[in-house]
Amino acid sequence: AILAQASAAERANSGHGLSDTSQGRCHTSAYSVSAADSAAHLTATFAPRGSMKLTASWQGFSSELIGTYFLAFTFGVNSLQHTALAPVSVGSILAALVLSTGGVGARPARPAHFNPAVTLGVLLGQRQTLTVGGAVVFISGQLLGALAAGFTYCGILHASLRLKPGDGHSWWAAFIVELVFTAVLVLVVLGATSNKDRHNQYFGLAIGSVVIAAGFAMGNISGCALNPALALGVMGSDSVATGGGFEYAGLFLSAPLLGGLTAAMFHRLFQA
């Protein structure tokens, strides 16, 4: 009987010990979860709130710089070699770049700009998608990319490009076509990006098609720049190579920007 009681007590103590061990493990697990939650809370509290914004800004800057570089480089190489189908080449590279880099550095996704006139149009026409600070970042990348492209094609072809009205065409004729076709380009960008269909993959082709049409229509009148950053890249590299190049800076800088402003006004009117 004594042995039976001792055995029962031993089994009871053994069961109690197992229960304590399990309970101890439960407490340890609960403590681990609580500690992890506390650490996550502290990280969220003390982490730099601007880190994600800085990352997005850097991505947007890099995207605009690289895309504008390839666009301006394609424009310059075709123009210096007097390629017959230059508008197709420039429009095609623009469509490809828009489709490949659209949405980088921005939420919700947007097509790449590569053009200060487009950035201005988006800033004024779609205020909810772009801030003034974001516009400054994008335009900075565009200017640097276009300047780098200008020096690249000048170094390769040992020649510089000069923007000016075509033979037999006046300053005002070049100004008007630059303004009108830039307005069309920016209006297409705004219309395509306002589409509610998130799976739309044709906006790049629409944007590139405008450049192709404009190139054939106005190439002999103004050279079809449609882009203040591209124009500055051309004029900057030409200035270093020849000492000139800025004679028509007012035309090729103001006309596209006014075109972007006009497109933003019409877009807001259409969306009202």
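What follows is calculated from the coordinates using simple rules that are stated; it is not laboratory data. It should be emphasised that the depicted structure is a prediction, and the values quoted were computed from it without experimental measurement. Every residue, glycine among them, receives a Cβ derived from its backbone with ideal geometry; neighbour counts consider all protein chains shown.
For the pair residue 136 and residue 59 in one chain, pulling the backbone fully straight at 0.36 nm per residue adds 26.4 nm over the alpha carbon distance.
Extension gain, residue 270-residue 217: 0.36 nm per intervening residue step, less the Cα-Cα distance, totals 16.5 nm. Considering only alpha-carbon pairs that sit under 8 angstrom and 6 or more positions apart, the relative contact order computed for region 210-266 is 30 percent. Our coupling estimate for region 161-171, obtained by passing each phi through the Karplus curve with A = 6.51, B = -1.76, C = 1.60 and θ = phi - 60°, is 10, 10, 8, 6, x, x, 4, x, 10, 8, 4 Hz, Gly and Pro reported as x.
Amide H contacts for residue 114 (H built 1.01 Å from N in the peptide plane; partners 5 or more residues away or on another chain; cut-off under 5 Å): none found. Ranked by the mean number of other Cβ atoms within 10 Å of their residues, highest first, the peptides 94-100, 153-159, 229-235 fall in the order 229-235, 94-100, 153-159.
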